[in-house]
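Visitor: Questions regarding the structure given below will be posed in turn.
The values are calculated or read from the model by the stated rules, or taken from the named source; none is laboratory data. Since this is a predicted model, take the numbers as computed values, not measurements. Don't worry about glycine lacking a Cβ; one is built from the backbone with ideal geometry, like all the others, and counts go over all protein chains shown.
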Amino acid sequence: MRVKLSQLLRAMSQACDLVEGKDLGHGQRLTVLALAFARASGSFEMGEKAELAVSAMMHDLGLASVIHQVHQLTGLRSRELMARYPAVSDGLFGLGPTEGAAELRALLARHADHGARTLQALGYGDVVAGTVASHHLDASCETWSLASQVVALADLLETGTYPLDTAEARRAHGVDLLQDIEQSRFDPELMEAVRPLLETTELWEEVFFFDDLGAELDLIFETTYGQWIEFEGLEAHLRVLAQAVDAQTPFASGHTFEVSRLSRRIGERIGLEPEDLNRLHLASLLHGVGRLGLPIQLLEKGGGLTEDEFCLLHTYPNITRDALAPLADLRDLVEEASTHREKLDGSGYPEARSGDGIPIIGRILSAADTFMALISDRPYRPAYARSRALAIVQAESARLFDGLVTDALESVYREGL
């Protein structure tokens, strides 16, 4: 099983968008801008463009490691945060002095180091790691590379122009933003190269539709990283997404990996072939991605949910589908992962599927996810004993859960989880 690197990074960038509370596509729009700036500057060779593209799409990969603390401090995510605390966000982009909020500033800056370490562990090298680690610095720092400046400038301009409705409005506001930036914060030659580019509506149309980004990335990656990621590399990247999901709230810590471990044992017990076990493993790593798009207040609510809150909660499998839509080569796998909240009798969500309309991977994930949730602490109750959790799942066998799967779960339980 393999996937194009361009598809994988675009999907991961959309997961990062969910963490930030930004609309899907922020990382891709930013990347279109960054690559356009690189072409205009004339300072990037093909390999350097590949490194820049990875850095741009993955610049906020480490944000999940601090988002819970940010939320505790502010109750806000990125766009709301920048509106509420302009001094902090300006300081992060090197646009002016900060006024207090030191703890928040430190949290928002720390994510860059975490993202850099993660990308280095994935094999993207020192240049990408360095670019991501330093993209919140400014020109007063000797280590602020041209690539970091390009990413920072693209991030600022995308965030500032996205809410506007037309290419012309974005063009005009983008030019205004560039004029407002303190020129000494960025390389003067970069600013001069970028200015005429921002004055064209064609650029802004390209940025906010980004239809050709995948093909451009395939071409750029071909000679640097290769176009394809094989199973081991794919699994390593998806583990990073799973870690982001589990970092969202302390109550979810380790949940995805426990579901993955239990699902595989159930799959082995019912006789899945090795290839299907691998699919099950990857689907288990993806099944909770949509939760990144849910408010943390909802995930940590101590009491019962209102009807509106239930409706919002029930959207997260569809958020998973939307966020991972760039994974065209893994569309069936994403679909299987997104069915883990469906129930045999049609009472599940988001599509009220029933019976054989739920793939076996979805049925396994449903039972494993429920069991692991029951034996874990939640804001509204303490963890159940494993024997009680098993009894609850078994009691719903053939109504909510596949009997073959629950029998396998019981066998795994008897063997020792």
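Visitor: Would you check which residues across the range 303-321 are buried (at least 16 other Cβ atoms within 10 Å of the Cβ) and not hydrophobic (A, V, I, L, M, F, W, C) and list them?
Guide: Tyr316, Pro317, Thr320, Arg321
Results for (1) in the same structural domain as Asn278 (by TED's automatic domain parsing); (2) more than 22 Å from the chain's Cα centre (by Cα); (3) more than 30 Å from Asp218 (Cβ to Cβ), shown as yes or no for each residue.
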{"residue": "Leu313", "(1), (2), (3)": "yes, no, yes"}
{"residue": "Ala323", "(1), (2), (3)": "yes, no, no"}
{"residue": "Glu335", "(1), (2), (3)": "yes, no, no"}
{"residue": "Asp345", "(1), (2), (3)": "yes, yes, yes"}
{"residue": "Leu365", "(1), (2), (3)": "yes, no, yes"}
{"residue": "Arg378", "(1), (2), (3)": "yes, yes, yes"}
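Visitor: Tally time: how many residues in the range 238-260 are in a helix (DSSP H, G or I) and buried (at least 19 other Cβ atoms within 10 Å of the Cβ)?
Guide: 13
Visitor: Separate question: Report whether or not Arg79 is at pLDDT below 75, part of a helix (DSSP H, G or I) and among the charged types (D, E, K, R).
Guide: Taking the combined requirement at face value, the residue satisfies it.
Visitor: Just one of Ala352, Ala328 is over 20 Å from Leu409 (Cα atoms), of a type in the set (A, V, I, L, M), more than 20 Å from the chain's Cα centre (by Cα) and in the same structural domain as Ala242 (by TED's automatic domain parsing); which is it?
Guide: Sole residue among the options that is over 20 Å from Leu409 (Cα atoms), of a type in the set (A, V, I, L, M), more than 20 Å from the chain's Cα centre (by Cα) and in the same structural domain as Ala242 (by TED's automatic domain parsing): Ala352.
Visitor: Being among the charged types (D, E, K, R), within 19 Å of Leu400 (Cβ to Cβ), crowded, with 18+ Cβ neighbours inside 10 Å and under 22 Å from the mean Cα position of the chain (by Cα): is that true of Glu300 here?
Guide: The answer is no for Glu300.
Visitor: Quick check on my filter: what residues within the range 158-187 are of a type in the set (Asp, Glu) and within 29 Å of the chain's Cα centre (by Cα)?
Guide: Correct list: Glu158, Asp165.
Visitor: Collect the residues in the range 337-390 that are in a helix (DSSP H, G or I) and surrounded by fewer than 16 Cβ atoms within 10 Å (Cβ to Cβ), keeping them in residue-number order.
Guide: Matches in the range 337-390: Gly355, Asp356, Gly357, Arg386, Ser387, Arg388.
Visitor: Those residues that are touching a residue at least 12 places away in the same chain (Cβ under 8 Å) and either not hydroxyl-bearing (Ser, Thr, Tyr) or not assigned by TED's automatic domain parsing to the domain that holds Gly304 (or both), I need them from the range 380-395; list them, please.
Guide: Within the range 380-395, Arg386, Arg388, Ala389, Leu390, Ile392, Val393, Gln394 meet the criteria.
Visitor: Separate question: Tell me which of these Asn278 doesn't satisfy, since it passes every other one: (1) assigned to a helix (DSSP H, G or I); (2) modelled with pLDDT under 95.
Guide: (2)
Visitor: Please specify each residue of the range 405-417 satisfying the condition of being surrounded by fewer than 18 Cβ atoms within 10 Å (Cβ to Cβ) and under 13 Å from Arg363 (Cα atoms).
Guide: Within the range 405-417, just Asp407 meets the criteria.
Visitor: Test Gly267 against the stated conditions and say whether it is surrounded by fewer than 20 Cβ atoms within 10 Å (Cβ to Cβ) and farther than 13 Å from Ala15 by Cβ.
Guide: no
Visitor: Let me ask something else. Residues being under 21 Å from Gly214 (Cα atoms) and assigned to a loop (DSSP other than H, G, I, E, B): count how many of those fall in the range 313-335.
Guide: So the answer is 4.
Visitor: Evaluate the following for Arg399: is it loosely packed, with under 14 Cβ neighbours inside 10 Å, in the same structural domain as Ser263 (by TED's automatic domain parsing) and touching a residue at least 40 places away in the same chain (Cβ under 8 Å)?
Guide: yes
Visitor: Looking at Ala283, is it at pLDDT 95 or above and either buried (at least 22 other Cβ atoms within 10 Å of the Cβ) or touching a Ser or Thr at 6+ places or on another chain (Cβ under 8 Å) (or both)?
Guide: So Ala283 fits the description; yes.
Visitor: Can you tell me which residues in the range 200-222 are touching a helix residue (DSSP H, G or I) at 6+ places or on another chain (Cβ under 6 Å) and in a loop (DSSP other than H, G, I, E, B)?
Guide: The one that is touching a helix residue (DSSP H, G or I) at 6+ places or on another chain (Cβ under 6 Å) and in a loop (DSSP other than H, G, I, E, B): Phe210.
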